[in-house]
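The values are calculated or read from the model by the stated rules, or taken from the named source; none is laboratory data. Everything quoted here is computed from the prediction, not taken from an experiment. Note that each Cβ is placed from the backbone with ideal geometry, even for glycine, and that neighbours are counted across all protein chains shown. Each accessible area value is taken on the protein alone, full model and side chains, heavy atoms only, with ligands, DNA and RNA left out. Shrake-Rupley method; radii C 1.70, N 1.55, O 1.52, S 1.80 Å.
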There are 2 protein chains.
Amino acid sequence: MDRTYTITELAREFGITTRTIRFYEDRQLLQPTREGTKRVYSRGDRTRLKLVLRGKRLGWPLDEIREMINMYDPHGGEVLQLTTMIEKLKANRDTLLQQQRDIQQSLSELDQLERNCLDQLASMTPSPLAAANS
Amino acid sequence: MDRTYTITELAREFGITTRTIRFYEDRQLLQPTREGTKRVYSRGDRTRLKLVLRGKRLGWPLDEIREMINMYDPHGGEVLQLTTMIEKLKANRDTLLQQQRDIQQSLSELDQLERNCLDQLASMTPSPLAAANS
DNA sequence: CACAAGGTTGACGTTAACGTAAACGTCATC
DNA sequence: GATGACGTTTACGTTAACGTCAACCTTGTG
């Protein structure tokens, strides 16, 4: 039930290198326990790593990802002032909403562009002769 | 009707430095004309810059942004093979859709978290005495 | 026991995306 | 004619996010 993972398992599962995982630890994004000298990752660690990668896909710097994650998961020590936290949540949401709008725009422009391409392709392929109509 | 812009105008409008704009030119994202030695930016250049910044907000590297933009705006020379182009569009859309999912997840988790915070706040503020109930 | 597979800690290298500074040109204006 | 606002190029500095060794420990397995 409380499964654990080795560093290479996680690396393989998420398609990253062990170096990257250790780097994230150095940057305080993960803090696995040890069994002797070896790192042991819990389910929670795995989840945190997943969140890190999601943040990365959205282009966030590791520092902000760490703040983000620590809010989601107070993991013991630092219980932020609630109001401060709500402030940050708001800022975070604004960023996300902006990204959402950006994506929406990009997608619709991309659709438009693709339609043009397909049309143009369609007007070329049916008959080679059509190409002569310049 | 065919308004033009100076480098500092654009910098101020978009909240970036002139250094950044020149850097984008160096990386082939912009190619303004010259009036003597000075750069002159057209409406199209301004639009391209806007697209660049949008890409940045989504965390894309400048190289991909350039490819993206060049697809949107063949601007003369390089007419890509249509099929190649459609391939790239597809890949691009996949990335965008992934980002969209990531954002959706993030937003909903964030909402959940905020609700918790607000609840907790609500249970504290009404009466200071309530805090004694540990 | 040898040794291969996986783990560890340094420490230096690399790339992207600018920042920062130097050294200079060009006007309008005081 | 000096000053200041705005522009230019060239070049080195910086930060983030890893990659790439090297040199070493620790196990189970044939």
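Does segment A:72-82 include one or more residues that are under 22 Å from the mean Cα position of the chain (by Cα), surrounded by 13 or more Cβ atoms within 10 Å (Cβ to Cβ) and either at the interface with another protein chain (Cβ under 7 Å from one of its Cβ atoms) or modelled with pLDDT of 90 or more (or both)?
Scanning segment A:72-82 turns up at least one residue that is under 22 Å from the mean Cα position of the chain (by Cα), surrounded by 13 or more Cβ atoms within 10 Å (Cβ to Cβ) and either at the interface with another protein chain (Cβ under 7 Å from one of its Cβ atoms) or modelled with pLDDT of 90 or more (or both).
Of (1) surrounded by fewer than 16 Cβ atoms within 10 Å (Cβ to Cβ); (2) away from DNA strand D (no atom under 14 Å from the Cβ), residue B:40 satisfies all except one. Which?
So the condition that residue B:40 fails would be (2).
Among the candidates B:102, B:94, which residue alone is open to solvent by less than 40 Å² (accessible area, probe 1.4 Å), closer than 15 Å to residue A:104 by Cα and modelled with pLDDT of 90 or more?
B:102 is the lone residue from the list that is open to solvent by less than 40 Å² (accessible area, probe 1.4 Å), closer than 15 Å to residue A:104 by Cα and modelled with pLDDT of 90 or more.
For the subset of segment A:1-29 comprising residues that are basic (Lys, Arg) and away from DNA strand D (no atom under 11 Å from the Cβ), which member is most open to solvent (accessible area, probe 1.4 Å)?
A:12
Table: residues versus (1) more than 14 Å from every other protein chain (Cβ to nearest Cβ); (2) under 30 Å from residue B:120 (Cβ atoms); (3) more than 14 Å from DNA strand C (Cβ to nearest atom).
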| site | (1), (2), (3) |
| --- | --- |
| A:17 | yes, no, no |
| A:38 | yes, no, no |
| A:97 | no, yes, yes |
| A:110 | no, no, yes |
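Taking segment B:43-52 as the search range and keeping residues that are crowded, with 17+ Cβ neighbours inside 10 Å and within 14 Å of another protein chain (Cβ to nearest Cβ), which one is nearest to DNA strand C (Cβ to nearest atom)?
B:52
Here is a check on your reading of the model: is residue B:17 modelled with pLDDT under 95 and polar (S, T, N, Q)?
Details: modelled with pLDDT under 95: no; polar (S, T, N, Q): yes.
When the stated conditions are applied, residue B:17 does not pass them.
Right, residue A:87: of a type in the set (Asp, Glu), open to solvent by 70 Å² or more (accessible area, probe 1.4 Å), within 18 Å of the chain's Cα centre (by Cα) and more than 30 Å from residue B:73 (Cα to Cα) or not?
On the way: of a type in the set (Asp, Glu): yes; open to solvent by 70 Å² or more (accessible area, probe 1.4 Å): yes; within 18 Å of the chain's Cα centre (by Cα): no; more than 30 Å from residue B:73 (Cα to Cα): yes.
So residue A:87 fails the test.
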